[in-house]
Amino acid sequence: MQPPAPLADTELRRLLTYLAAAAVAGGQPVHEVEADIRRLATRLGHTGVQVTASPTGIILSLGGGTPATFETVEGTLRLDQSADVHDIRAGLMRGDLTPTDALERLSRLRAMPHRYGFGEFNGGMLCVGAGIALILQPAWPSILFAVLAGQVTATLMRASRGRAALGAMLPFLVAFLVAVGAFGAAMAGLIDNPIRSLLPPIAVLLPGALITTGISELASGAMTAGTSRLVFGAGQLLLFSLGIAGAAWILRIPPSLLDTSTRGDLGLWAPFVGVLLLTVGISAMESVPPRLIGWIAFMLTITLTAQMIGQNLSGAPWFGALLGAMVASFGAAIIELYRPQLPRLVIFLPAFWLLVPGSLGLVSVAQLGLAPATAGATLLMSAEIFSSIALGIMLGSTAARGITIAQRRRHAAKRRRSAQTS
C-alpha cells in the first residue's frame with residue numbers, strides 16, 4: 001500500500017503533536033509515545049523527526065534546524081477516547097486513514113460524548129466500590145459501606161469537572177469525608193478495619209498508575225517525565241493521607257483502628273465476583289466500547305489470579321504485585337500482537353484499579369502521625385510494591401517484545417521463501 005498523500009509541514013507537525021499529546025493524556029509512558037511517533041513519521045515520509053514528550057507537553061520538529069511545534073497535554077482521556085487514539089494511529093500506519101481525516105478526528109476527540117449518562121456513572125462507581133471491597137475486605141458491612149461512600153466520591157468527581165480549585169482539593173476532600181464515615185462506623189461497631197473499608201470508595205482516585213508509570217519512565221531513561229510523575233503522585237498521595245489523618249485526629253481514633261489486616265472471608269468466589277463488578281463499573285465510568293469489555297474482564301481475571309498465586313506462594317504482597325503486573329503487561333501485549341485491532345493500553349490500564357498499588361502508601365503516611373512505630377515498615381512495603389509493579393510491567397513487556405520480534409522474523413522468512421518459489 002502506498003503512503004498517504006503528504007500534508008504541509010505545518011499540518012503534519014500539528015497532526016503528530018496532537019497524536020502524541022493524546023497518547024500521553026491516555027496514560028502511555030513518554031518513551032513509548034516518542035517511539036510510536038517516530039515510527040508513524042517514518043511511515044508518512046519523514047525519517048528525521050525529533051520529538052520530546054513530557055506529561056505536560058509535546059515538542060516536535062520534522063528535522064534538525066527546522067521549525068518546531070509545541071502542544072499542551074490537557075488533562076486525561078477516558079478509555080474510549082484512548083481507544084479512538086489507537087484506532088487513528090493504526091489507521092495511519094496501515095494507510096487506510098488519511099492524515100487530513102486523522103487530524104479532524106483528533107480535533108474532535110475531547111468532545112466525544114460519554115456513551116453512558118449520569119446514572120451509569122454513579123452506578124459504575126457503585127460497582128467499582130463493591131468490587132474492590134470484595135477483593136480487599138470481603139465482609140458484608142464493608143461492602144455496603146463501599147457502595148454508599150462510593151456515591152460521595154462519584155458526586156465530588158462530577159462536581160470538580162471544570163473547577164480547578166475543587167479538582168486540586170479533591171483527593172483531600174474525598175479522603176476526609178470517606179474516612180470520617182469509616183471511622184465513625186467503626187467506632188459504632190458497624191464495620192471492622194476502617195482503613196481497608198475506606199479504600200474501595202477512593203481507590204479510583206489513587207495515583208498508583210501515575211507513580212508506577214513514573215518508575216518505569218525513570219528506568220527507561222525518561223528522567224524528567226519520570227521524576228515529575230513521581231513528585232506529582234506523591235503529592236496526591238499526601239493529600240489523601242492528610243484527609244485520613246485529619247479525620248482520625250478529629251474523631252480521636254486510637255492507633256488500633258489503623259490495622260490493615262484483612263477481616264472477613266466470604267469464600268473464594270468473592271474476589272472473582274469482585275472482578276466482574278469492577279469490570280462493569282470501569283466500563284460504565286470510562287465509557288468503554290462494548291467490544292472491549294470482555295477483554296478487560298479477561299485481563300482483570302488473569303491479573304487477580306496471578307496476584308493471588310504470588311501472594312499465597314511467597315506470603316509477601318510485593319511478589320503478588322510483581323506477578324500480577326507481569327501477567328497484565330505480558331497478556332495485554334500478546335493480545336495486541338494477535339488482535340492488532342485491540343488497544344493494548346485500554347485493556348491494560350484497568351489492572352491498576354485492581355492492584356490498587358497506592359493503598360499501602362496511603363495507609364503508611366496516615367500512620368506517620370498516629371502510629372509512628374509501624375509507619376516505617378509500611379512505607380518500606382509500599383516502596384517495594386510500587387517498584388515490584390514497575391519491574392513486573394517491564395519484565396512482561398520485554399518477554400512479549402521478544403515473542404513479537406520472533407514472530408516478525410518468521411513472517412519475513414516465510415515471505416522470502418514465497419518470493420523465491422514464485
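The values are calculated or read from the model by the stated rules, or taken from the named source; none is laboratory data. The structure displayed is predicted, hence computed values, not measured ones. Cβ atoms come from the backbone with ideal geometry, glycine included; neighbour counts cover every protein chain shown.
Step by step: first the residues of the range 327-359, then only those that are under 18 Å from residue 382 (Cα atoms) and in a helix (DSSP H, G or I), then the one that is modelled with the lowest pLDDT. Which residue is that? Ranking the candidates gives 359 first.
Within the range 289-309, the set of residues being closer than 16 Å to residue 81 by Cα and among the β-branched types (Val, Ile, Thr) comprises 293, 296.
Residue 400 meets all of the listed conditions (1) assigned by TED's automatic domain parsing to the domain that holds residue 287; (2) surrounded by fewer than 20 Cβ atoms within 10 Å (Cβ to Cβ); (3) at pLDDT 75 or above; (4) part of a helix (DSSP H, G or I) but one, namely (2). Among the residues of the range 180-202, those that are touching a Gly at 6+ places or on another chain (Cβ under 8 Å) and crowded, with 24+ Cβ neighbours inside 10 Å comprise 198, 200, 201.
Those residues that are more than 12 Å from residue 200 (Cα to Cα) and not aromatic (Phe, Trp, Tyr), I need them from the range 132-151; list them, please. Walk me through it before giving the result.
Filtering the range 132-151 for residues more than 12 Å from residue 200 (Cα to Cα) gives 139-141.
If the condition is that a residue be more than 12 Å from residue 200 (Cα to Cα) and not aromatic (Phe, Trp, Tyr), then 139, 141 are the ones that fit.
Identify, from the list 235, 226, 246, the residue that is farther than 24 Å from residue 278 by Cβ, part of a helix (DSSP H, G or I) and touching a Phe, Trp or Tyr at 6+ places or on another chain (Cβ under 6 Å). Testing whether each residue is farther than 24 Å from residue 278 by Cβ, part of a helix (DSSP H, G or I) and touching a Phe, Trp or Tyr at 6+ places or on another chain (Cβ under 6 Å) leaves just 246. All conditions but one from (1) crowded, with 16+ Cβ neighbours inside 10 Å; (2) out of contact with any Ser or Thr (no Cβ under 8 Å at 6 or more places or on another chain) apply to residue 133; the one that does not is (2). A single member of 166, 156 is touching a residue at least 12 places away in the same chain (Cβ under 8 Å) and of a type in the set (A, V, I, L, M, F, W, C), and it is 156. Within the range 223-265, being of a type in the set (S, T, N, Q) and modelled with pLDDT under 85 holds for 241, 256, 260, 261, 262. Quick check on the range 244-263. Is at least one of its residues closer than 28 Å to residue 75 by Cα and either surrounded by 22 or more Cβ atoms within 10 Å (Cβ to Cβ) or not assigned by TED's automatic domain parsing to the domain that holds residue 387 (or both)? Looking for residues that are closer than 28 Å to residue 75 by Cα and either surrounded by 22 or more Cβ atoms within 10 Å (Cβ to Cβ) or not assigned by TED's automatic domain parsing to the domain that holds residue 387 (or both), one finds at least one in the range 244-263, hence yes.
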